1. Is region A:26-42 home to any residue that is touching a residue at least 40 places away in the same chain (Cβ under 8 Å) and under 17 Å from A:Thr79 (Cβ atoms)?
2. With the requirement that a residue be of a type outside the set (Gly, Ala, Ser) and in contact with a strand residue (DSSP E or B) (Cβ under 6 Å, 6 or more places away or on another chain), what does region B:17-31 give you?
3. Could you give me the residue pairs with C-beta distances under 7 Å whose first residue belongs to region B:6-30 and is in contact (Cβ under 8 Å) with a residue 12 or more places away in the chain and closer than 17 Å to B:Ala88 by Cβ, whose second residue is among the aromatic types (Phe, Trp, Tyr) and assigned to a strand (DSSP E or B) wherever it lies, and which are 6+ apart or on separate chains?
4. So which residues in region A:15-71 are more than 13 Å from chain B (Cβ to nearest Cβ), within 22 Å of B:Met45 (Cα to Cα) and among the hydroxyl-bearing types (Ser, Thr, Tyr)?
5. Residue check: is B:Leu47 within 12 Å of chain A (Cβ to nearest Cβ) and within 28 Å of A:Tyr89 (Cα to Cα)?
Amino acid sequence: DGGITQSPKYLFRKEGQNVTLSCEQNLNHDAMYWYRQDPGQGLRLIYYSQIVNDFQKGDIAEGYSVSREKKESFPLTVTSAQKNPTAFYLCASSIGPGVGSGANVLTFGAGSRLTVL
Amino acid sequence: AQTVTQSQPEMSVQEAETVTLSCTYDTSENNYYLFWYKQPPSRQMILVIRQEAYKQQNATENRFSVNFQKAAKSFSLKISDSQLGDTAMYFCAFMKPSGNTPLVFGKGTRLSVIA
């Protein structure tokens, strides 16, 4: 079945450590996105990539880094520079513009919960 | 920049009743897309309904329908015959017309369906 796989589901990090969250999709989607979710804040955009080897900062990119070396993969690294990394992280992808019910629709993974100890 | 506002942090409804969730947005674009996503306790984001701004007809999906008022920049979601499985966070979201651009989300409305 096609979909988006995020791993790990739960992750614990000590202060000062970098951690990488994995996001893989087999939907053949061009664009991929990372959002952060905090209670009462909705979803806020960290980074997005519209095509391989290219990505743009979102609203809260500080302390995070990404890469897009393959169409299927868009890993997110939470660096030690991120002051408050405890949150729920959601990865999504989209096929892009066009006709049909799937156009411009984001499909989400199940999320990763990061806790800083 | 686009903004999306959901003014009702929490709502509740009796099973089988109808409930309406509010959403307003701000944009200078003439064409765009609007969405409602549902996030149940599993935290999986699920698309509920999508509306294209150039279409005047309100979108419907089974028990879910929207009231899209473009001039007022309002996009409310109506859930008819509410079911216990509708209990979730509901997020309103905006997308620019060019495609493959990020969604801008509201802060969400927590809906509880009561038996």
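1. Yes, region A:26-42 has at least one match.
2. Filtering region B:17-31 for residues of a type outside the set (Gly, Ala, Ser) gives B:17-21, B:23-27, B:29-31.
Within region B:17-31, B:Val19, B:Thr20, B:Leu21, B:Cys23, B:Thr24, B:Tyr25, B:Asp26 qualify.
3. As it stands, the answer is B:Leu21/B:Tyr90; B:Cys23/B:Phe75, since those pairs meet every condition given.
4. A:Thr20, A:Ser22
5. yes
Per-residue answers, yes or no, for (1) modelled with pLDDT under 95; (2) surrounded by 15 or more Cβ atoms within 10 Å (Cβ to Cβ); (3) within 14 Å of another protein chain (Cβ to nearest Cβ):
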position: B:Gln57; (1), (2), (3): yes, no, no
position: B:Phe75; (1), (2), (3): no, yes, no
position: B:Ala93; (1), (2), (3): no, yes, yes
position: B:Ile114; (1), (2), (3): no, no, no
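The values are calculated or read from the model by the stated rules, or taken from the named source; none is laboratory data. The structure displayed is predicted, hence computed values, not measured ones. A quick note on method: Cβ atoms are made from the backbone with ideal geometry, for glycine too, and the neighbour counts reach across all protein chains shown.
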